[in-house]
Amino acid sequence: MLTNTIGHHLMVYQAMIPRSLKPFSYICGNRMLSGYKPKGNVKDSYKILELEEGCSLDDIRNSYRSLAKKYHPDSGSITADSAAFVKVEEAYRVVLNDVANKKKPTENKEEEEEDQLKSNAPQHRHYLSFEGVGYGTPSQREKQYMQFRVDRATEQVLAYRTRRLENQYVATDLMRAKDVRQSKKVKITQAVERLVEDLIQESMAKGDFDNLSGKGKPLQKFSDCPHIDPMTHNLNRILIDNGYQPEWILLQKEIRETIERLRKSLVLSRSKLGEPMTPYRQKEWNHICEQFVEDVRKLNKRIDSFNLVVPILSRQMVHFSADKEIIRAQKTYEASVESAEASMENTEASGSDTKENKGEGVKRFGWKSSLLKWLSTTSK
């Protein structure tokens, strides 16, 4: 009953509104909110508003306000004119309608461009989720993505099993190859042992071991220390006697022999140059020193290698200083020169003493020789 009453009142109110009354148009923002279509010339309307075609919407509003203040009958100004105000209002509506009609095609074009861009541009939100897999609605894409994950997990499991089987086969192949090498090694060792045993038995049969110096005597002990394993000591001695020594011992020996050789060669080169040191000799000495520095640098590298393999910390060696070695060689040369000069002075002094002794001997034994000569002449 209530709905029927409300519908009856609405029909009555709608019938009371005259058909000739049309609402005027107004602008809210940049959009027309009414379908008013005024009748009038557009150019005359621009002239009434004192504007030019193509002006902005703000210019139209400002011009309309200023003219409304000037001609509005309620403004209380001297220029108030209702007829002029009606013309201004009519011109304002015509101009607004013209601006709205001009904007419609541009807006339609912009909407079309936006639609094209939306259709052409990729939907980044869709590609940010589900790793870009699938198409359709989000729920469809989610199902497709779940299936994709299942397939991917299955492929990964199969790949893992394949790699595991391959590694197992490779390991078995390596074990087989290792067993083959080990069996060959055992066969070779057994063959060598059999050969040595055969040679020993053949030599014993021939009597080659009958005339040995230590036959029938106990083995000589290499050490009297009870804390040393005799077997290990004997093996070490056998290795040393046959030239097998630890690497760090050989390196240490090599380093010491090298530094001694370099020192002797440096002193010999300095003694060959002699004194005084001319510019040419100084140049040669500088070249010799540069070569000596390079040799010492290489030797220090050998010392680094030695320090890495030496088992005892106290046996490690320090680097040699090339400058100190050159100064040492210079001092050695100077000391040798001084000793040579001293020996020369001693030999000269000893030679003068022998001459004096000879003169005294001649003086002392001269009368005897003369007597012997006289006796020999008289006897004849």
Anything in the range 241-269 that is touching a residue at least 60 places away in the same chain (Cβ under 8 Å) and surrounded by fewer than 12 Cβ atoms within 10 Å (Cβ to Cβ)? List them, or say none. Glu247
For Arg149, indicate whether it is of a type in the set (D, E, K, R), in a helix (DSSP H, G or I) and within 30 Å of Glu131 (Cα to Cα). yes
If you scan the range 68-105, which residues turn out to be polar (S, T, N, Q), outside any loop (DSSP other than H, G, I, E, B) and at pLDDT below 85? Ser82, Asn101
Could you check how many residues of the range 66-87 are open to solvent by 70 Å² or more (accessible area, probe 1.4 Å) and either closer than 15 Å to Ser45 by Cα or in contact with a strand residue (DSSP E or B) (Cβ under 7 Å, 6 or more places away or on another chain) (or both)? 2
Scanning the range 305-337 for residues that are more than 38 Å from the chain's Cα centre (by Cα) and charged (D, E, K, R), the one farthest from Leu268 (Cα to Cα) turns out to be Lys324
Any residue in the range 291-303 that's under 8 Å from Phe320 (Cα atoms): show its pairings with residues that are among the acidic types (Asp, Glu) and open to solvent by 10 Å² or more (accessible area, probe 1.4 Å) at Cβ separation under 7 Å, as long as the two are six or more apart or on different chains. Val296/Glu325
Note on Leu174: of the conditions (1) closer than 30 Å to Lys215 by Cα; (2) at pLDDT below 75, unmet is (1)
Please enumerate the residues belonging to the range 192-215 that are assigned to a loop (DSSP other than H, G, I, E, B) and loosely packed, with under 10 Cβ neighbours inside 10 Å. Gly207, Asp210, Asn211, Leu212, Ser213, Gly214, Lys215
For Ser45, all conditions in the list (1) modelled with pLDDT under 80; (2) in a helix (DSSP H, G or I); (3) open to solvent by less than 60 Å² (accessible area, probe 1.4 Å) hold save one; what is the number of the exception? (1)
Name every residue in the range 128-170 that is at pLDDT below 85, within 42 Å of the chain's Cα centre (by Cα) and not charged (D, E, K, R), in order of residue number. Leu128, Ser129, Phe130, Gly132, Val133, Gly134, Leu165, Asn167, Gln168, Tyr169, Val170
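The values are calculated or read from the model by the stated rules, or taken from the named source; none is laboratory data. Not measured: the values here are computed from a predicted model. Note: ideal-geometry Cβ built from the backbone for every residue, glycine included; neighbour counts use all protein chains shown. Heads up: the accessible areas ignore ligands, DNA and RNA and are worked out on the full protein's heavy atoms, side chains in. Shrake-Rupley method; radii C 1.70, N 1.55, O 1.52, S 1.80 Å.
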